[in-house]
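Since the structure comes first, as structure tokens, the remarks are kept for the end.
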Amino acid sequence: MQQVARQRGRFYFLIVAALLLPNCKICVILGAVAVFSLRQIYIFCKMELMHTNYEISPHLRGMTHEQVSQLDQRATEGTSWEFYCGSYIHHPTVFGHKMSGMVQDAADEFFTEIRVDKDKLVAYCSCGEHNSVCKHAVALLYGWVEDNDGFMNVADTLDRLRRKDKDDLLEILGRVIMFDSRNLNFIDEDAMPDELTEEDL
């Protein structure tokens with residue numbers, strides 16, 4: 001549970017710091033923290049996180065149970081629906097064309113992230129399944145099509161934060177740093193090179 005809390009703390013750290021420092025390279029640094037992999041760090045650098053559109057994409061909004069069920073049959077032989085019904089997804093989050101969450105599997109929890117474009121679905125899961133979409137990713141998709149109101153919408157969260165004054169935002173940022181002091185390291189602009197190349201991955 002401590003790992004889950006740290007991940008959520010880092011995510012909120014990203015949101016608050018991006019609002020306070022919109023033109024700073026720290027946005028790229030904090031984007032890296034939010035996704036926990038060098039490949040995703042590279043993607044965030046290329047996308048220039050400070051210009052990210054957080055509104056939920058139409059491809060995600062238009063996803064149906066039938067589409068997820070078809071993916072379930074192809075990827076996990078239809079076993080993921082039963083797994084979803086008996087599992088729990090902690091802190092599901094959605095923004096742009098991405099969603100993520102901590103998917104419980106018996107005594108373990110796995111960080112799962114999915115990106116949905118017009119013609120492609122890309123999944124990452126800390127369970128280590130690299131050959132295909134795993135049951136944790138399919139369960140997250142089932143969670144979205146069955147109960148998307150349970151997902152934290154980053155765009156809505158940003159709207160609420162924008163209505164707060166700078167002192168309130170600094171107070172939130174301070175609490176995040178106190179909760180896990182390692183977050184303070186991400187304020188250092190020299191923590192990452194200006195640009196990552198594929199040779200760096």
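The values are calculated or read from the model by the stated rules, or taken from the named source; none is laboratory data. Please read all numbers here as calculations on a predicted model, not as lab measurements. Because the Cβ atoms are built from the backbone with ideal geometry, glycine has one as well, and the counts that use them run over all protein chains shown.
Would you call ASP105 surrounded by fewer than 15 Cβ atoms within 10 Å (Cβ to Cβ) and assigned by TED's automatic domain parsing to the domain that holds MET63?
Working: surrounded by fewer than 15 Cβ atoms within 10 Å (Cβ to Cβ): no; assigned by TED's automatic domain parsing to the domain that holds MET63: yes.
No, not satisfied.
Picking from VAL122, VAL176, VAL145, VAL138, which residue would you name as being surrounded by 19 or more Cβ atoms within 10 Å (Cβ to Cβ) and either without any contact (Cβ under 8 Å) to a residue 40 or more places away in the chain or assigned by TED's automatic domain parsing to the domain that holds GLY96 (or both)? Full working, then the answer.
Numbers: VAL122 fails: surrounded by 19 or more Cβ atoms within 10 Å (Cβ to Cβ); VAL176 fails: either without any contact (Cβ under 8 Å) to a residue 40 or more places away in the chain or assigned by TED's automatic domain parsing to the domain that holds GLY96 (or both); VAL145 fails: surrounded by 19 or more Cβ atoms within 10 Å (Cβ to Cβ).
Only one candidate qualifies: VAL138.
Could you list, in sequence order, all residues of segment 63-72 that are within 10 Å of VAL138 (Cβ to Cβ) and either surrounded by fewer than 19 Cβ atoms within 10 Å (Cβ to Cβ) or not acidic (Asp, Glu) (or both)? Break it down stepwise before answering.
Just the residues of segment 63-72 that are within 10 Å of VAL138 (Cβ to Cβ), to begin with: 68-69, 71-72.
Listed by number, the residues that qualify are VAL68, SER69, LEU71.
Scan (1) small (Gly, Ala, Ser); (2) assigned by TED's automatic domain parsing to the domain that holds ALA106; (3) at pLDDT 85 or above for the single condition SER132 breaks and write down its number.
(3)
For segment 64-119, which positions are part of a loop (DSSP other than H, G, I, E, B), of a type in the set (D, E, K, R) and either touching a Cys at 6+ places or on another chain (Cβ under 9 Å) or without any contact (Cβ under 8 Å) to a residue 40 or more places away in the chain (or both)? Step through it out loud before you land on a result.
Here is the first cut: in segment 64-119, the residues part of a loop (DSSP other than H, G, I, E, B) are 64, 77-79, 87-88, 96-97, 106-107, 117-119.
Pick out the ones that are also of a type in the set (D, E, K, R) and you get 77, 117-119.
GLU77, ASP119 - these are the residues of segment 64-119 that are part of a loop (DSSP other than H, G, I, E, B), of a type in the set (D, E, K, R) and either touching a Cys at 6+ places or on another chain (Cβ under 9 Å) or without any contact (Cβ under 8 Å) to a residue 40 or more places away in the chain (or both).
In this structure, is ILE56 under 19 Å from ASP149 (Cα atoms) and modelled with pLDDT of 90 or more?
In short, no.
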